[in-house]
Every structure is written in C-alpha cells, then in structure tokens.
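These notes concern the structure reproduced below.
The values are calculated or read from the model by the stated rules, or taken from the named source; none is laboratory data. The model shown is predicted, which means the values in this text are computed figures rather than measured ones. Cβ placement follows ideal geometry from the backbone for every residue including glycine, while neighbour counts extend to all protein chains displayed.
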Amino acid sequence: MLRRTLQRIVPTYALLPLAFTGLMNLVSYTGAKWIQSIFALDNALDMTAKWDMMIPFEPVWILPYLITFAFWFYLYTTIAKEGPEAAYRLVTADFLGKIVSMIIFIAMPTTNVRPEVAGTGFIPFVIRFVYWIDAPRNLFPSLHCYIAWLGTRQIFEARKLRHRGLNGVLCVIASLIVFASTLFTKQHVIADVISGVALAEICFVIAKYTKLPNVLKACNERFMRTKLCKFYDTENWRTV
C-alpha cells in the first residue's frame with residue numbers, strides 16, 4: 001500500500017532523476033559557496049539597480065517565497081508522471097541550468113544589501129531566520145525563479161495532464177508570484193529574476209531538441225536494475 005502510494009507521487013523510473021535534481025540544487029548553490037570559501041572569493045558584485053531600490057520591502061512575501069518549494073515539488077512530480085522521456089528532458093534541463101549557475105556563482109559572485117527587519121511577530125521572525133540561514137550570495141541567476149519557470153515551461157508540454165491549459169495558466173501565475181516574492185523580500189534583484197527565466201528557456205530548448213537526455217536514460221536504466229528499485233517497484237518498470 002505504501003509503495004503504491006509513493007509511486008503515484010514518484011514513479012519508479014523517476015526516482016533517481018528527481019533525487020538527482022535535489023542533489024544538484026545542493027551542489028550548485030552550497031557547493032559554490034564552499035568553493036568560494038576555500039579560494040577566498042570574497043569580491044561579490046552588488047547588482048542592485050535604481051529600479052530595484054524602488055521596489056518596497058514587504059516581509060509578508062516571505063510566505064510565498066517559502067511555499068515555492070512545494071510548488072517545485074508539484075511541478076517536477078507532475079512532469080515526471082508524464083513518462084520516462086518527459087522526466088529525462090526535465091532533469092537534463094535542470095542539470096544544465098544548475099551547472100551553468102554554479103559556474104557563474106564561482107566566476108562572478110553576487111550579493112545585495114538586505115534591509116533591517118523590524119518587529120517581533122511571526123513574519124519578522126521567519127524572514128530573519130531565512131536571512132540567517134541563507135546568506136546573500138550566489139544570487140545571479142535566481143535558482144528560485146529558474147526552477148519555477150523551467151517546471152512551468154514543461155507543464156505546457158504535458159499530454160497526460162488533465163486540464164493542461166488551466167494548469168499551465170495557474171503555474172504561470174504561481175511563477176509570477178515566485179518572482180515577486182524574491183523581489184519583495186529583497187532576496188534578489190530584477191536582473192536575477194530575468195537571468196533565471198532566460199536560463200530556463202535556453203536549457204528547456206537544449207533538452208528538448210538534443211539527445212542529451214539519452215545519457216540520463218542510459219544511467220537510469222542501470223539504476224532500475226538495482227535491488228532498491230525492485231523493492232520500490234510494484235510493477236515491471238518497462239511497462240510504464
């Protein structure tokens with residue numbers, strides 16, 4: 001029963017690919033900070049422009065900023081359930097974007113100046129906590145925006161998804177909310193948002209029109225023969 005429930009959320013063929021996206025998120029962001037620390041790459045560029053300074057600081061937007069993680073999960077698991085090929089295209093694009101982001105983070109570290117957070121309520125506490133655990137580094141491009149838009153872009157490619165058009169529109173709206181949340185919480189500037197969306201578009205096209213997903217497919221087929229997958233799987237994965 002438990003395995004069937006889990007497979008409705010994450011099919012067996014998507015187990016490794018989706019786990020890989022989480023690993024790459026850690027490697028690209030935290031790994032870049034680790035490398036910056038080792039090589040003392042302290043000269044971070046502040047890309048805040050005059051129009052960024054016109055955007056007000058609205059602490060309540062930290063809530064949609066955090067809910068973004070659930071939105072990512074919905075996007076990636078929904079796309080993965082389209083079938084192995086859709087999962088491979090998604091994860092290939094995800095991998096490419098995070099590798100490019102990591103290179104940029106290391107070669108051109110960016111930062112910004114965060115505002116003072118006043119108050120003692122729940123929202124001020126949450127945003128101060130986020131500021132504490134997430135130092136203002138590695139902002140360009142915004143991974144928050146990159147992942148949200150990449151998933152949304154691929155939702156429009158879904159063929160098995162019911163009400164695909166409505167889902168797509170809602171995901172676009174949700175992505176716009178994500179973009180706004182990064183700006184109103186002063187986690188990012190406009191250049192970070194634009195670069196995240198642009199990178200998602202480029203990686204989407206590469207994954208769709210090249211044979212790079214076949215590399216992930218070959219690796220995953222090996223993984224599917226392991227005892228872990230046989231335990232997780234309730235049916236023969238080749239019939240998916």
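Of note:
- Filtered residues of segment 170-214 (kept if touching a residue at least 60 places away in the same chain (Cβ under 8 Å), farther than 28 Å from PHE129 by Cβ and of a type in the set (Asp, Glu)): none
- The condition of being at pLDDT 95 or above and loosely packed, with under 14 Cβ neighbours inside 10 Å holds for only one of GLU58, GLU85, that being GLU85.
- Any hit, segment 194-214, residues being modelled with pLDDT of 95 or more, within 18 Å of VAL10 (Cα to Cα) and touching a helix residue (DSSP H, G or I) at 6+ places or on another chain (Cβ under 6 Å): no
- Contact annotation: residue pairs with Cβ atoms under 9 Å, 6 or more positions apart or on different chains, pairing a residue in segment 11-25 that is over 14 Å from ALA87 (Cα atoms) with a partner that is among the aliphatic types (A, V, I, L, M) and part of a helix (DSSP H, G or I), are MET24/VAL91; MET24/ILE99; MET24/MET102; ASN25/LEU143; ASN25/ILE147.
- Restricting LEU26, LEU66, LEU15 to those that are closer than 22 Å to ARG114 by Cα and of a type in the set (A, V, I, L, M, F, W, C) reduces the list to LEU66.
- Residues of segment 43-84 classified as touching a residue at least 40 places away in the same chain (Cβ under 8 Å), farther than 20 Å from GLY97 by Cβ and not in a helix (DSSP H, G or I), total: 12
- Selection within segment 150-175: residues that are within 18 Å of the chain's Cα centre (by Cα) and over 23 Å from PRO84 (Cβ atoms). The member of this set that is surrounded by the most Cβ atoms within 10 Å (Cβ to Cβ) is SER175.
- The set of residues from segment 29-45 being surrounded by 13 or more Cβ atoms within 10 Å (Cβ to Cβ) and not aliphatic (A, V, I, L, M) comprises TYR29, GLY31, LYS33, GLN36.
- Residues (in a helix (DSSP H, G or I) and either of a type in the set (Asp, Glu) or touching a Cys at 6+ places or on another chain (Cβ under 8 Å) (or both)) located in segment 149-173: LEU150, GLY151, THR152, ILE155
- The set of residues from segment 91-144 being assigned to a helix (DSSP H, G or I) and free of Cβ contacts under 8 Å to residues at least 40 places away in the same chain comprises ILE103, ILE104, ALA107, PHE122, PHE125, ARG128, PHE129, TYR131, TRP132, ILE133.
- Residue within segment 38-50 that is within 21 Å of the chain's Cα centre (by Cα), at pLDDT below 95 and of a type outside the set (A, V, I, L, M, F, W, C) present: no
- Residues satisfying the criterion are absent from segment 3-23 (criterion: on the phi > 0 side of the Ramachandran plot and hydrophobic (A, V, I, L, M, F, W, C)).
- When LEU176, LEU216, LEU199 are checked against the criterion of being over 12 Å from SER142 (Cβ atoms), part of a helix (DSSP H, G or I) and touching a Ser or Thr at 6+ places or on another chain (Cβ under 8 Å), LEU216 stands alone in meeting it.
- Segment 218-228: number of residues that are over 14 Å from THR12 (Cβ atoms) and either surrounded by 15 or more Cβ atoms within 10 Å (Cβ to Cβ) or touching a residue at least 40 places away in the same chain (Cβ under 8 Å) (or both): 1
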